[in-house]
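Trainee: First the structure, which I've put down as structure tokens, then a few questions once you've had a look.
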Amino acid sequence: MDRDEKISLTRRLIAHVDNNTTDYAEELLRVPFSVFDDPDLAVKERDVVRRFPHIVAHVDELAKAGDFLTTELIGTPLLVVRQNDGSVKAFANVCRHRGSRVEFAETGCKRVFACPYHNWSYGKDGSLRGMPHAEGFDGMDRAEYGLVEFPCEVRHGLVWVVPTAGAELNIAAILGDKHDAEVTDTGMGESFQVRKETWRLDMNWKIAVDGVQDSYHLCQLHTKTVCNYLEGNITAFDPVGRSWRLVVARKSITEVRDADPDSFDVRDYSLANYTIYPGTMLVTEPNHFEIWTIVPDAQDPNVSYCTIRLLSPGKPQTPREERILQKNWDLLMETLHAEDWFVTKTITANAAHGQVDELIYGRNELPGQVFHKMVADDVAALDTERPAAPVTAR
């Protein structure tokens, strides 16, 4: 992190601790409760979400040429393959002949992918390589019938995909120069994936995203867990276009109030969440990273999926390092399952039957306000097919 930025960020956080304040929105935001279970709105939101990047893998999962994985992203079946030149490509896992799935294995390593229905085969680069009884397809240009390719980029050791053919993808530009440089400086690009897990959540995807953006609840709900380490309702919020950096102060941050700026790393005294809209979070902690991907279900507005990756700056070398990472994971799981998701899953039922018309996002819930405004603006923009303007905040 740039030295001036480190000094400025540290001073902002300590001032908030001293004054029991946070970065505020201009005013309250009222959100219709129906946004969490409206099936017609959910259809439009899925259209929006499919136009933005999502993480589908860590580079450790695709170590060598031909390594592949299959997954589904908001209903779109994906085949993600490491290429001979080290790049990664993502394709629709759909045969161009009669539309069946091409690859059924979850992971593996192959030179050629063959659809089991009629044995049309495709190379690692998605090109159509062969088909039995080719004479039956005279006049068909094979070059036009490779697997449909989606925008795919490897950045910060993560594989990003936009599940819309022809969309633009530039993670550095989305993060912005300053924040992209900060993530690079953490060493995330050289990280080791310790574990990955995906959950089907009985809640709307926006409820799940809200929870990761909300510091207001840290010392209200999490009194016996993360409140021991983090300050509640004390954050520095910095938006850049369609991404933002949310930094939460640790309890220990006042220890460096008068310290030489060159003698400490502010990351050791805070938790930084770099959010890439709509549902991707790169969370940097002093000794590990958490990578969150939250997406809506392809059909049910009351279902979403959350994938969390735990990354270490390097492969653990000692039993002590492994125990520390396991302890961090266990704390996260306790916080999520016994506290966060235990409470927030009730919002779905309440949206349908609670007889409450609207919810209030306070001035201190600035990230949630920005998120909900962006989603609402993008849904509204679908009618005119023009991008909505980024939400700004002070």
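The values are calculated or read from the model by the stated rules, or taken from the named source; none is laboratory data. None of these values were measured; they are calculated from a predicted model. For neighbour counting, all protein chains shown are included, and Cβ atoms are generated from backbone atoms with ideal geometry for every residue, glycine included. Just the protein is used for accessible areas: all its heavy atoms, side chains included, with ligands, DNA and RNA removed. Shrake-Rupley method; radii C 1.70, N 1.55, O 1.52, S 1.80 Å.
Trainee: Would you grab the residues whose amide H sits under 5 Å from the one on Val240? Only those 5+ places off in sequence or on another chain, please, with H modelled 1.01 Å from N.
Mentor: Arg245
Trainee: Leaving out ligands, DNA and RNA, and with a 1.4 Å probe, what % of the accessible surface on the chain is carbon or sulfur?
Mentor: On the way: 8680 of 18280 Å².
Taking all protein chains in place, the chain shows 48 percent carbon and sulfur surface.
Trainee: Continuing with the same structure: Could you go through the range 254-268 in sequence order and give the Karplus-derived ³J(HN,Hα) for each residue, using 6.51 cos²θ - 1.76 cosθ + 1.60 with θ = phi - 60°, rounded to whole Hz, and x for Gly and Pro?
Mentor: Calculated HN-Hα couplings, in order: 5, 5, 9, 3, 10, 7, 4, x, 8, 9, 8, 10, 4, 5, 6 Hz.
Trainee: With the contact rule set at Cα under 8 Å and sequence spacing of 6 or more, what percent relative contact order holds for the range 208-250? If you can, show how the numbers build up before the last one.
Mentor: Numbers: 48 pairs, mean separation 14.0, N = 43.
Across the range 208-250, relative contact order equals 33 percent.
Trainee: ³J(HN,Hα) across the range 189-200 via Karplus (A = 6.51, B = -1.76, C = 1.60, θ = phi - 60°), whole Hz, x for Gly/Pro?
Mentor: So the J values, rounded to whole Hz, are x, 9, 6, 10, 7, 7, 6, 9, 8, 10, 10, 8.
Trainee: Can you give me the distance in nm between label points at Ala172 and Ala381, each placed 7 Å from the Cα along the Cα-to-Cβ direction?
Mentor: So the label points at Ala172 and Ala381 sit 2.4 nm apart.
Trainee: Follow-up. Which residues' amide hydrogens lie under 5 Å from the amide hydrogen of Leu230, considering only partners 5 or more residues apart or on another chain, with H built in the peptide plane?
Mentor: Lys251
Trainee: List the extent of the Cα atoms of the range 165-322 along each of their three principal axes, largest first, rounded to whole Å.
Mentor: So the extents along the principal axes, rounded to whole Å, are 53, 38, 38.
Trainee: Is there a pair in Lys224/Lys251; Lys178/Lys373; Lys44/Lys124; Lys196/Lys345 whose C-alpha atoms are over 26 Å apart, and which pairs would that be? Let's see the in-between values first.
Mentor: Values: Lys224/Lys251 14 Å; Lys178/Lys373 24 Å; Lys44/Lys124 33 Å; Lys196/Lys345 22 Å.
Cα-Cα > 26 Å for Lys44/Lys124; rest within.
Trainee: Which order do the peptides 234-247, 123-136 take when ranked by the mean count of other beta-carbon atoms within 10 Å per residue, highest first?
Mentor: Details: 234-247: 21.9, 123-136: 14.3.
By packing density, highest mean first, the sequence is 234-247, 123-136.
Trainee: Follow-up question, since we're still on this one. Dividing the Cα radius of gyration by the Kirkwood radius, what Rg/Rh value follows for the range 54-154? Display every interim value, and only then the final one.
Mentor: Details: Rg = 13.4 Å, Rh = 13.8 Å.
My calculation puts Rg/Rh at 0.97.
Trainee: Among Pro296, Pro53, Pro39, determine the one that fluctuates most according to a GNM of the chain built with springs between C-alpha atoms less than 10 Å apart.
Mentor: Pro39
Trainee: Once label points are set 7 Å from the Cα along Cα→Cβ at both Glu321 and Gln355, what is their separation, rounded to one decimal in nm?
Mentor: Between Glu321 and Gln355, the label points sit 5.9 nm apart.
Trainee: Still on this structure, I have one more. May I ask you to give the average projected area over all directions of the convex hull of the Cα atoms of the chain, in nm² rounded to one decimal? Walk me through the numbers on the way to the answer.
Mentor: Numbers: hull surface 86.9 nm².
Mean projected area of the Cα convex hull: 21.7 nm².
Trainee: Using modelled amide H (1.01 Å from N, peptide plane; none on Pro or chain starts), what sits under 5 Å from the amide H of Tyr305, excluding residues fewer than 5 places away?
Mentor: Long-range HN contacts for Tyr305: Leu201, Val295, Asp297.
Trainee: Principal axes first, then extents: for the Cα atoms of the range 267-394, list largest minus smallest coordinate on each axis, whole Å, largest first.
Mentor: Its Cα atoms span 55, 34, 32 Å along the three principal axes.
Trainee: At 0.36 nm per residue, and after removing the present C-alpha to C-alpha distance, how many nm does the segment from Thr21 to Ala298 gain when stretched out fully?
Mentor: Full-extension gain reported as 95.8 nm.
Trainee: What translational diffusion coefficient, to the nearest whole µm²/s, does the range 34-85 have by Stokes-Einstein, given a Kirkwood radius computed over alpha-carbon pairs, a temperature of 37 °C and 0.692 mPa s viscosity? Working shown, then result.
Mentor: Working: Rh = 13.2 Å.
Answer, rounded: 249 µm²/s.
Trainee: Computed FRET efficiency, Cβ-Cβ of Ala165 and Ser263, R0 41 Å: what is it to the nearest 0.05?
Mentor: Details: r = 50 Å, r/R0 = 1.23.
After rounding to 0.05, the efficiency reads 0.20.
Trainee: Out of the range 5-59, which GluC sites (Glu not before Pro) are coil in DSSP terms and have no more than 13 other C-beta atoms within 10 Å?
Mentor: On the way: sites: Glu5, Glu26, Glu27, Glu45; in loops: Glu26, Glu27.
For GluC sites (Glu not before Pro) across the range 5-59 that sit outside H, G, I, E and B with at most 13 neighbouring Cβ atoms in 10 Å, the list reads Glu26, Glu27.
Trainee: With every protein chain left in place, what is the accessible area per residue of the range 257-313 in square angstrom, probe 1.4 Å? Don't skip to the end; give the middle numbers.
Mentor: Values: 1730 Å² over 57 residues.
Heavy-atom SASA per residue in the range 257-313 reads 30 Å².
Trainee: Then there is this: Suppose all protein chains stay in the model; what accessible area per residue would a 1.4 Å probe give for the range 54-154, in Å²? Write out the running numbers ahead of the final one.
Mentor: Working: 4900 Å² over 101 residues.
About 49 Å² of surface per residue is accessible.
Trainee: I'd like the FRET efficiency for Leu331 and Thr198, computed as 1/(1 + (r/R0)^6) with the beta carbon distance as r and R0 of 25 Å, rounded to 0.05. Display every interim value, and only then the final one.
Mentor: Details: r = 19 Å, r/R0 = 0.78.
Approximately 0.80, to the nearest 0.05.
Trainee: For the range 310-316, take each phi angle, set θ = phi - 60°, evaluate the Karplus expression 6.51 cos²θ - 1.76 cosθ + 1.60, and give the result in whole Hz per residue in order, putting x for glycine and proline.
Mentor: So the J values, rounded to whole Hz, are 9, 10, 10, x, x, 5, x.
Trainee: Moving on. In the chain, which cysteines lack any other cysteine Cβ under 4.7 Å from their own?
Mentor: Cys109, Cys152, Cys306
Trainee: A further question on this structure: Which one, Leu147, Asn20, Val31, projects farthest toward the positive side of the charge dipole computed for the chain from Cβ point charges (K/R +1, D/E -1)?
Mentor: Farthest towards the positive end: Leu147.
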